[in-house]
Amino acid sequence: MEQKKLSRIAGVLYLAIVAGGIFAEAFVRGRLVDHSDAAATARNILSHEMLFRVGFSIELLVFVCDSAVTALFYILLTPINRTLSTVATVFRGITVAMLGINLLNNFLPILLLKGTYFQSFAPDQLQSLSLLFMKVHGMGYALGLVFFGVHCILLGYLLCNSRNVPNYFGIMMALAGICYIINSYTSFLFPAVSGVLFPVILAPAFIAELSLSLWLILKGITTGPQP
């Protein structure tokens, strides 16, 4: 019973992570950031400053929730395989730390565009720097998702060996991990292709994580190893 309660808490937090991540990426950065136009991006951020700040705050909360999910998954998955559960936890912990620090790059445009720290810079220079930091934030995300991809593959293996979780959840999570890694390396090696590939390659990851979070909430899990 205790495991089921913990798994349902993990599911609620995981659902919050999915929802918060979509809001920050699609409804804030997707709406405000034009990667081909620094001036337009600066205008959008200044015109919708509160939305930009709310997006930052929600994404910060996402990483707080993710830290809790990391700990809960370790507790739930240790009975299956302590060694792999520990390794999976380390990789997810690295992801949370990297992306949490990387979030500062997402906030720097406000300091550049509204602060008095760079008065010697021309407006167009500040706009270009702001867009640069947004691009660095995107690349930082790609770096972190490589580690998260490894975590998802390990998580998938562990779920496949769980007592009462359908095997397809484990397969879906492992596939999600592979998709995350492919997407990240594509953004580094073939940036011209990554924009087209992004929505397609990450669709399986979205479906897998959303499905797992709902399963955890509705069913809960008992995570002993398969008999």
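Quick note: the coordinates plus some simple rules give every number you see, no bench work behind them. Nothing here was measured: the structure is a model prediction, and the numbers come from that model. FYI the Cβ positions are ideal-geometry reconstructions off the backbone, even for glycines, and counts take in every protein chain you see.
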Can you tell me which residue in region 49-88 is surrounded by the fewest Cβ atoms within 10 Å (Cβ to Cβ), limited to those that are without any contact (Cβ under 8 Å) to a residue 24 or more places away in the chain and under 16 Å from the mean Cα position of the chain (by Cα)?
-> Ser57
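Going through Leu158, Leu84, Leu175 one at a time, which residue ends up being within 28 Å of Gly220 (Cβ to Cβ), touching a Pro at 6+ places or on another chain (Cβ under 9 Å) and either among the small types (Gly, Ala, Ser) or part of a helix (DSSP H, G or I) (or both)?
Details: Leu158 fails: touching a Pro at 6+ places or on another chain (Cβ under 9 Å); Leu84 fails: touching a Pro at 6+ places or on another chain (Cβ under 9 Å).
None of the others qualify; the one that does is Leu175.
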With respect to the numbered conditions (1) basic (Lys, Arg); (2) under 15 Å from Ser213 (Cα atoms); (3) loosely packed, with under 15 Cβ neighbours inside 10 Å, which one is the sole condition not fulfilled by Arg31?
-> (2)
May I ask you to verify whether Phe206 is part of a helix (DSSP H, G or I), over 17 Å from the mean Cα position of the chain (by Cα) and in contact (Cβ under 8 Å) with a residue 24 or more places away in the chain?
-> no
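Looking only at region 55-81, which residues are part of a loop (DSSP other than H, G, I, E, B) and either aliphatic (A, V, I, L, M) or closer than 16 Å to His151 by Cα (or both)? Explain how you work it out, then say what you get.
Residues of region 55-81 that are part of a loop (DSSP other than H, G, I, E, B), as a first pass: 78-81.
Listed by number, the residues that qualify are Thr78, Ile80, Asn81.
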